[in-house]
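Chemist: I have a structure here, written as structure tokens, and I will follow up with some questions on it.
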Amino acid sequence: MERTNSSQLTEFILTGIPYPPRLRTFLFLFFLVIYTLTQMGNLLILLTVCIDSQLHARPMYIFLGVLSIIDMGISSIIVPRLIMNFTSGIKPIPFGECVAQLYFYHFLGSTQCFLYTLMAYDRYLAICRPLHYPLLMTLKICSLMVTGAWVAGSIHGAIQAILTFRLPYCGPNQVDYFFCDIPAVLRLACADTTINELVTFVDIGVVVASCFSLILLSYIHIIGAILNIRTADGRSRAFSTCGAHVTVVTIYYVPCAFIYLRPEANSPLDGAAALFPTAITPFLNPLIYTLRNQEVKLALKRMIGDRKGMRKN
């Protein structure tokens, strides 16, 4: 399709992910179930942290509750539109909704990066400096850190959205992706995008690389401290505490680095990789933290037990 010098576009068409037509119903139901379970699982974690008095006063679980909010947000921004692509007919996304989708995805995504870093720092203090932990990670400091992550994430998202949509979009309007993301949208701009691509690469690269480096540095110290623990039971409990965080960081950062930190971001695998931070990771986070965290499992049992007791009375 040729580009035209007509007026600014008022809507985009998301092509979605390629799939065999015979799998349309299966994929519709699959992602609908994924979305439903994501919302229910993260809401359950959030309620458990808020209700259980042994959890909501501890920084580690405050971070976990915030992570659940972010996961529900990212999933709600992306997955419903993805599900719509498995229904018949063309369903365009208005220009303003496309802007909002890009902004909130990068706002919440970068906030999640910062939050993973704070969670790693929290584990570093708890394991490497246990005697100083109550002084270095108070609820006030924890709240300030979380607030800082939200503010930094909103600034990052605003920068990306403003830079992307300051360009003219006059046609074509078909976004070869399942949501409005920077690389796919920039390919439709009626202007030179070199500066945008460079700024996006540097900006996202700095966020991802700095956060991942700090997480890696924290875990180098954590592993060293764990190896110095004399008892096997102590080492096992320490590794169990950190295992869930390492797992979710890995399945989040690897796809993000593949999508944004390559010179040519137009691979058929981009869509598959993008499913991880947008749909798969928010779905897996509650499972990983519930199955690998004894305190969360005990809190869930206490909450269920209290509800049963109230019914009997």
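Chemist: For the stretch 106-116, how many residues are of a type in the set (Ser, Thr, Tyr) and at pLDDT 95 or above?
Modeler: Selection size over the stretch 106-116: 1.
Chemist: Check off (1) under 23 Å from the mean Cα position of the chain (by Cα); (2) open to solvent by less than 40 Å² (accessible area, probe 1.4 Å); (3) under 23 Å from residue 289 (Cβ atoms) for residue 178 and give me the number that stays unchecked.
Modeler: In the conditions (1) under 23 Å from the mean Cα position of the chain (by Cα); (2) open to solvent by less than 40 Å² (accessible area, probe 1.4 Å); (3) under 23 Å from residue 289 (Cβ atoms), residue 178 misses (3) alone.
Chemist: Kindly check whether there is at least one residue in the stretch 186-207 that is over 19 Å from residue 255 (Cβ atoms), in contact with a strand residue (DSSP E or B) (Cβ under 9 Å, 6 or more places away or on another chain) and open to solvent by 30 Å² or more (accessible area, probe 1.4 Å).
Modeler: yes
Chemist: Residue by residue through the stretch 160-175, note down the ones that are in a helix (DSSP H, G or I) and surrounded by fewer than 16 Cβ atoms within 10 Å (Cβ to Cβ). Break it down stepwise before answering.
Modeler: We begin by selecting, within the stretch 160-175, every residue in a helix (DSSP H, G or I); these are 160-165.
Correct list: 162 only.
Chemist: If I filter the stretch 91-98 for residues that are aromatic (Phe, Trp, Tyr), at pLDDT below 95 and open to solvent by 50 Å² or more (accessible area, probe 1.4 Å), do I get at least one hit?
Modeler: There is no residue in the stretch 91-98 that is aromatic (Phe, Trp, Tyr), at pLDDT below 95 and open to solvent by 50 Å² or more (accessible area, probe 1.4 Å).
Chemist: Sticking with this structure for a sec: What residue, among those in the stretch 76-90 that are aliphatic (A, V, I, L, M) and surrounded by 15 or more Cβ atoms within 10 Å (Cβ to Cβ), is farthest from residue 148 (Cα to Cα)?
Modeler: Checking each candidate, the answer is 84.
The values are calculated or read from the model by the stated rules, or taken from the named source; none is laboratory data. All values derive from a computational prediction rather than experimental measurement. Neighbour counts run over all protein chains shown; Cβ positions are idealised from the backbone, glycine included. For the accessible areas, the whole protein counts, side chains as well, though only heavy atoms, and no ligand, DNA or RNA atoms are used. Shrake-Rupley method; radii C 1.70, N 1.55, O 1.52, S 1.80 Å.
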